[in-house]
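Engineer: Submitted below is the structure of interest, expressed as structure tokens.
The values are calculated or read from the model by the stated rules, or taken from the named source; none is laboratory data. A quick note: this is a predicted structure, and the numbers were derived from the prediction, not measured. Reconstructed Cβ throughout: ideal geometry from the backbone, glycine too, with neighbour counts over all protein chains shown.
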Amino acid sequence: MTSYEIFLAIIGGFIAGCINTLAGNGSVLTLGFLTEIMGMPGNLANGTNRIGIFIQGLASLEAFQRNKKIPLKETWHYLVIGIIGAIIGALVAIRISPDGFKEVYKYLVLSLLILMIIQSKKWTSKVMFASGLKPWIYIPVFLALGFYGGFIQMGMGIFFLAVMVYVAKLPIIEANAVKVLMVTSYTIIVIGIFHVMGYVDWKIGGTIALGQGAGGWITAHTVSKIPNADKVAYYFLIAIMIFTLLHLFGVFGMLGIHL
């Protein structure tokens, strides 16, 4: 890696760590760096990207736990199902490149963005955690979420937050904490799967992880303490989704802006 690439990796990782901890979809930045700048094929980028996600998760969890934002007692069974799904997704990903999914992904994000804007109160109001979901609801839902995360990870945080807010009735900050816990838990397993298949570049992934861990730690500490954190997280998530859609639909390219 050149000095310029190291600088981009650390800065991009830091921004991605902030985005992933507060909202989700920071992997758009890191995967873009790995494929477009470092020239990695899809599967190698997919595996290498997980290193930063894991380190960022550990850093964020320390902050969320210190500020008592993780409702583990109420959500542990969701996490177990999600981890199982992620293992299956990773096993599929090492055989099938996820690149083609981007076309479907952008329409899913667009649909969710419209729903979030229409039902903004569900995301910003103070709600009590639901008493618990029935197994016939949470098993297929979290199995699918985990599968998606293990398969590609990009945008998983956005979909996870939607499920936690709409289905599990969890406030967005606590939902973010649970999201980080589940992603971090399955990511260490997924890294092992990709490593065995030769799809992890530890040097480049470790460089990105330096910035990503710092971004996750700072963001988690900050958002756990600021007033009206739910509204801040909601509007930040909306902004990230709009930015992502403009990129995926090629609007920046049409304006001559190359990211």
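Engineer: Inspect all residues belonging to region 140-150 and state whether any of them is under 21 Å from residue 12 (Cβ atoms), buried (at least 17 other Cβ atoms within 10 Å of the Cβ) and either out of contact with any strand residue (DSSP E or B) (no Cβ under 9 Å at 6 or more places or on another chain) or charged (D, E, K, R) (or both).
Structural biologist: Yes, because at least one residue in region 140-150 is under 21 Å from residue 12 (Cβ atoms), buried (at least 17 other Cβ atoms within 10 Å of the Cβ) and either out of contact with any strand residue (DSSP E or B) (no Cβ under 9 Å at 6 or more places or on another chain) or charged (D, E, K, R) (or both).
Engineer: Checking residue 210 against (1) in contact with a Gly (Cβ under 7 Å, 6 or more places away or on another chain); (2) closer than 16 Å to residue 138 by Cα: exactly one of these is not met. Which one?
Structural biologist: Here residue 210 meets the rest and fails (2).
Engineer: Scan 200, 223, 190 and give me the residue that is more than 25 Å from residue 107 (Cα to Cα), in contact with a Leu (Cβ under 7 Å, 6 or more places away or on another chain) and in contact (Cβ under 8 Å) with a residue 40 or more places away in the chain.
Structural biologist: Result: 223 is the single residue among 200, 223, 190 that is more than 25 Å from residue 107 (Cα to Cα), in contact with a Leu (Cβ under 7 Å, 6 or more places away or on another chain) and in contact (Cβ under 8 Å) with a residue 40 or more places away in the chain.
Here is a yes/no grid of residues against (1) aliphatic (A, V, I, L, M); (2) over 16 Å from the mean Cα position of the chain (by Cα); (3) part of a helix (DSSP H, G or I):
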| residue | (1), (2), (3) |
| --- | --- |
| 185 | no, no, yes |
| 188 | yes, no, yes |
| 192 | no, yes, yes |
| 200 | yes, yes, no |
| 203 | no, yes, yes |
| 208 | yes, no, yes |
| 222 | no, yes, yes |
| 238 | yes, no, yes |
| 243 | no, no, yes |
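Engineer: Here is a follow-up. Suppose we filter region 5-36 for residues that are over 10 Å from the mean Cα position of the chain (by Cα) and either within 25 Å of residue 231 (Cβ to Cβ) or free of Cβ contacts under 8 Å to residues at least 24 places away in the same chain (or both); how many remain?
Structural biologist: Residues that pass the stated criteria total 7.
Engineer: Could you list all residues from region 48-98 that are exposed (fewer than 15 other Cβ atoms within 10 Å of the Cβ), modelled with pLDDT under 85 and assigned to a helix (DSSP H, G or I)?
Structural biologist: Passing the criteria: 62, 66, 72, 73.
Engineer: Within region 17-34, track down each residue that is modelled with pLDDT under 85 and either among the polar types (S, T, N, Q) or in contact with a strand residue (DSSP E or B) (Cβ under 7 Å, 6 or more places away or on another chain) (or both).
Structural biologist: 20, 21, 25, 27
Engineer: Inspect all residues belonging to region 119-132 and state whether any of them is of a type outside the set (Val, Ile, Thr), modelled with pLDDT under 80 and under 21 Å from residue 200 (Cα atoms).
Structural biologist: No, because not a single residue in region 119-132 is of a type outside the set (Val, Ile, Thr), modelled with pLDDT under 80 and under 21 Å from residue 200 (Cα atoms).
Engineer: Something else now. When residues of region 99-116 are filtered for being modelled with pLDDT of 75 or more and in contact with a helix residue (DSSP H, G or I) (Cβ under 7 Å, 6 or more places away or on another chain), how many remain?
Structural biologist: 6
Engineer: I would also like to ask the following. Give the residues of region 153-171 that are β-branched (Val, Ile, Thr) and more than 14 Å from the chain's Cα centre (by Cα), sorted by residue number.
Structural biologist: Of all residues in region 153-171, those β-branched (Val, Ile, Thr) come to 158, 163, 165, 167.
Those that are β-branched (Val, Ile, Thr) and more than 14 Å from the chain's Cα centre (by Cα): 165, 167.
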